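Report on the following structure.
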Amino acid sequence: MNRCIIFDLDGTLIDSVADIVLATNRMRHSFHQPPLPEQTVIRYVGHGIAHLAKLAVSDAPQIPPDKAKEELLRAYREHPVVRTVLYPGVEDGLRILKTAGFRLAVASNKPFELCIPILSKLGAADAFDAIIGGEKAIRMKPEPDMLQYALRETNSDPAQSWMVGDSDPDIRAGKAAGCKTAYAAYGFGSPEENSWDFKADSFLDFVWHALKS
């Protein structure tokens, strides 16, 4: 069987903080609410867009969470890549991993309809054998379903595969799927301390470790 490396998207492959904050505050502006600080929005990221939208209007109970989600998705869809960039080393690192024989996948709680345009705009979509996003008929992380789908799609052995992410749902999903786990410490999440198998201080830090493991 193959070896697969499954990556989270935000905070792992891409630095998307600025655009997530921009979309969130454009949503709030549409409801005549003041903007939220960046650090507040970051704390809400990682569990899908419905979760983000709900928390982003938690100070305005008159706004229905489903309406907030709808407006947030519209705002983000209109401007998915303004200041979003690949993290340093991602482009070269993906090429190195593919050359070494790894299958590559993305498993993100971000809506699937946003994952493809963002990765395509950044020139990285073609590097992956499978891209799984949220808002479809599959349970999101921390459940293992997305990872299990990626492993099936790539005919990969979980025990020889990795889940790489910056947040607690990533690490928990990886363990539930039977994969090795790597914490992308350069991202903006904060999983439970020492819950991972490897801590990567940069993208290439993980690449070199995966090549040796």
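The values are calculated or read from the model by the stated rules, or taken from the named source; none is laboratory data. The model shown is predicted, which means the values in this text are computed figures rather than measured ones. As a convention, Cβ positions derive from the backbone with ideal geometry for all residues, glycine included, and neighbour counts pool all protein chains shown. Areas reflect the complete protein model, heavy atoms only, side chains present, ligands, DNA and RNA absent. Shrake-Rupley method; radii C 1.70, N 1.55, O 1.52, S 1.80 Å.
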(Q) What's the total number of residues in the stretch 134-176 that are touching an Asp or Glu at 6+ places or on another chain (Cβ under 8 Å), free of Cβ contacts under 8 Å to residues at least 60 places away in the same chain, in a helix (DSSP H, G or I) and open to solvent by 40 Å² or more (accessible area, probe 1.4 Å)? (A) 2
(Q) Going residue by residue through the stretch 193-205, is there one that turns out to be more than 20 Å from Phe128 (Cβ to Cβ), open to solvent by 30 Å² or more (accessible area, probe 1.4 Å) and at pLDDT below 95? (A) yes
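So that you can scan it fast, the table gives a plain yes or no per residue for (1) in contact with a Lys or Arg (Cβ under 6 Å, 6 or more places away or on another chain); (2) at pLDDT 95 or above; (3) part of a helix (DSSP H, G or I):
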position: Leu72; (1), (2), (3): no, yes, yes
position: Ala75; (1), (2), (3): yes, yes, yes
position: Glu91; (1), (2), (3): no, yes, yes
position: Lys98; (1), (2), (3): no, yes, yes
position: Gly101; (1), (2), (3): no, yes, no
position: Val106; (1), (2), (3): no, yes, no
Q) If you check every pair at least six apart or on different chains, which have Cβ atoms under 6 Å apart with a residue in the stretch 23-44 that is closer than 19 Å to Arg77 by Cα first and a residue that is open to solvent by 80 Å² or more (accessible area, probe 1.4 Å) second? A) Asn25/Pro35
Q: Determine whether the stretch 49-67 contains at least one residue that is modelled with pLDDT under 95 and open to solvent by less than 60 Å² (accessible area, probe 1.4 Å).
A: yes
Q | Among (1) closer than 26 Å to Ala176 by Cα; (2) touching a residue at least 40 places away in the same chain (Cβ under 8 Å) - the single one Leu122 does not satisfy | A | (1)
(Q) Restricting to the stretch 177-189, and then to whatever is touching a residue at least 24 places away in the same chain (Cβ under 8 Å) and out of contact with any helix residue (DSSP H, G or I) (no Cβ under 6 Å at 6 or more places or on another chain), can you tell me which residue is least open to solvent (accessible area, probe 1.4 Å)? (A) Ala184
Q. More than 20 Å from Lys141 (Cβ to Cβ), open to solvent by 50 Å² or more (accessible area, probe 1.4 Å) and in contact (Cβ under 8 Å) with a residue 60 or more places away in the chain - does that describe any residue in the stretch 86-93?
A. yes
